[in-house]
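Student: To start, I am sharing the structure in question, which I have written as structure tokens.
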Amino acid sequence: MAAGSTTAPPVQAAFRVFPVQVEDAVRLTPHMVRITFGGPALADFRTGHRDQRGKILLPVAGQTEPLVPEDVNGAGWYAAWRSMPPETRPVLRTYTFRAQRTEPDEVDIDFALHGEGGPAGRWAAAARPGDRVLLVGPAREDAGGVDFRPPPGTGSVVLAGDETALPAIASILEGLPPELPVRVFAEVSGPDEEQALPGPAQVRWLHRGHGPSPLPEALREAELPSAAPYFWLAGEASVVKRLRRHLVSERDIDRGAVCFKGYWRRGLTEDQDDSAAVPASN
Ligand SMILES: Cc1cc2nc3c(=O)[nH]c(=O)nc-3n(C[C@H](O)[C@H](O)[C@H](O)COP(=O)(O)OP(=O)(O)OC[C@H]3O[C@@H](n4cnc5c(N)ncnc54)[C@H](O)[C@@H]3O)c2cc1C
């Protein structure tokens, strides 16, 4: 090595692959299952809480556990995953890390079981203790993958979403100061799917039955807080888009005060939905 040159310290990847096994699977409601994952790798897992997202990699047909993407050239897990042969490449889906505990190291993900389901929904419905999968998650609390970031001076919070957003909503509620006024608009299929949510938030449950999303109408009719509100919206992409448009165009809410994310897109799998198939660290 030339005199005066330095060796850069190894950069710690913000997001990493964590091999885990299922410890427990509990139905929270008929169509929502909480899977608890455990394993020694989780000692390095560091959630940023709120709506912290990450990925789950699942085995494909004929495998009992997913193959690990080998990051041989330092380009990261996502490039490694993409370079795997499609027939053996694990199924990749995006989820919210609902909770993390230590002693023992455990992470929870709440899976909405939808219709006939895709690979992730079907996997979660059948998951048993000992099943092995890979999580891609944060190895630092500031690793990214957290969108709920109310600006300084926020005087109230409004959260709206469907079942897929409930884990993030619950986790966000856990981190808010009790004196902050919070309203939640939560869409589920019916009364059986309502869950207890943490904190003193004012929660309105909306039942869609077999009809369209009731969220746009509920938000349109609602008297919203006037004290510097911050909005967080997630769920089916076209519904989320309508909610945002209503707030920004019809209610004249500042764009910066509206955080929105399509969590799934009707008629498309996550593989087909470009907006969701972003690497986990984004
Ligand atoms: C940042 C982020 C966080 C998320 N967090 C969670 C979470 O914590 N819990 C959770 O359950 N989901 C969450 N999701 C949504 C989840 O990633 C999608 O629902 C995903 O498509 C499920 O994968 P799948 O393999 O079951 O279905 P896919 O193979 O992706 O889709 C199969 C079919 O099912 C439809 N579909 C997908 N999801 C739903 C649904 N909820 N209801 C009705 N039809 C659906 C698709 O349109 C498609 O037609 C999150 C998504 C994002 C982007």
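The values are calculated or read from the model by the stated rules, or taken from the named source; none is laboratory data. Everything quoted here is computed from the prediction, not taken from an experiment. A quick note on method: Cβ atoms are made from the backbone with ideal geometry, for glycine too, and the neighbour counts reach across all protein chains shown. For the accessible areas, the whole protein counts, side chains as well, though only heavy atoms, and no ligand, DNA or RNA atoms are used. Shrake-Rupley method; radii C 1.70, N 1.55, O 1.52, S 1.80 Å.
Student: Give region 147-180 a look and list any residue that's open to solvent by 10 Å² or more (accessible area, probe 1.4 Å), hydrophobic (A, V, I, L, M, F, W, C) and assigned to a loop (DSSP other than H, G, I, E, B), or say none.
Tutor: Across region 147-180, the qualifying residues are LEU176, LEU180.
Student: Any residue in region 220-236 that is within 16 Å of the ligand (Cβ to nearest atom) sitting within a Cβ distance under 9 Å of a residue that is small (Gly, Ala, Ser) and open to solvent by 50 Å² or more (accessible area, probe 1.4 Å)? List the pairs, counting only those 6 or more apart or interchain.
Tutor: From residues that are within 16 Å of the ligand (Cβ to nearest atom), there are no pairs.
Student: Moving on. Being without any contact (Cβ under 8 Å) to a residue 12 or more places away in the chain, among the aliphatic types (A, V, I, L, M) and in a loop (DSSP other than H, G, I, E, B), is that true of even one residue in region 185-205? Even if it seems obvious, please write down each step before you answer.
Tutor: Pass one, region 185-205, residues without any contact (Cβ under 8 Å) to a residue 12 or more places away in the chain: 196.
Now narrow it down to the ones that are among the aliphatic types (A, V, I, L, M): 196.
Now drop any that are not in a loop (DSSP other than H, G, I, E, B), which leaves 196.
Within region 185-205, one or more residues are without any contact (Cβ under 8 Å) to a residue 12 or more places away in the chain, among the aliphatic types (A, V, I, L, M) and in a loop (DSSP other than H, G, I, E, B).
Student: Kindly establish whether GLY74 is near the ligand (Cβ under 7 Å from one of its atoms), open to solvent by 50 Å² or more (accessible area, probe 1.4 Å) and modelled with pLDDT under 95. Steps first, answer last, please.
Tutor: Numbers: near the ligand (Cβ under 7 Å from one of its atoms): no; open to solvent by 50 Å² or more (accessible area, probe 1.4 Å): yes; modelled with pLDDT under 95: yes.
No: the conditions fail for GLY74.
Student: Let me ask something else. Across region 77-114, what is the number of residues that are more than 18 Å from ALA124 (Cα to Cα) and either open to solvent by 30 Å² or more (accessible area, probe 1.4 Å) or in a loop (DSSP other than H, G, I, E, B) (or both)?
Tutor: Going through region 77-114, the residues more than 18 Å from ALA124 (Cα to Cα) turn out to be 77-89, 100-105.
Pick out the ones that are also either open to solvent by 30 Å² or more (accessible area, probe 1.4 Å) or in a loop (DSSP other than H, G, I, E, B) (or both) and you get 78-79, 82-89, 100-105.
Looking only at that region, the number is 16.
Student: Something else about it: In region 20-55, which residues are polar (S, T, N, Q) and within 16 Å of the ligand (Cβ to nearest atom)? Give the derivation first.
Tutor: Taking region 20-55 and keeping what is polar (S, T, N, Q), we get 21, 29, 36, 47, 52.
Matches in region 20-55: THR29, THR36, THR47, GLN52.
Student: Moving on to the next point. From HIS246, HIS207, which residue is of a type outside the set (S, T, N, Q), open to solvent by less than 40 Å² (accessible area, probe 1.4 Å) and away from the ligand (no atom under 14 Å from the Cβ)?
Tutor: Working: HIS207 fails: open to solvent by less than 40 Å² (accessible area, probe 1.4 Å).
After ruling out the rest, the residue left standing is HIS246.
Student: Within region 91-103, can one find any residue that is without any contact (Cβ under 8 Å) to a residue 24 or more places away in the chain, away from the ligand (no atom under 16 Å from the Cβ) and within 30 Å of PRO225 (Cβ to Cβ)?
Tutor: No, the conditions are met nowhere in region 91-103.
Student: What single numbered condition from (1) open to solvent by 10 Å² or more (accessible area, probe 1.4 Å); (2) of a type outside the set (Phe, Trp, Tyr); (3) over 23 Å from ARG53 (Cα atoms); (4) away from the ligand (no atom under 12 Å from the Cβ) fails to hold for SER213?
Tutor: Unmet for SER213, out of (1) open to solvent by 10 Å² or more (accessible area, probe 1.4 Å); (2) of a type outside the set (Phe, Trp, Tyr); (3) over 23 Å from ARG53 (Cα atoms); (4) away from the ligand (no atom under 12 Å from the Cβ): (4).
Student: Can you pull out the residues in region 191-209 that are touching a Ser or Thr at 6+ places or on another chain (Cβ under 8 Å) and at pLDDT below 95?
Tutor: Selection gives nothing.
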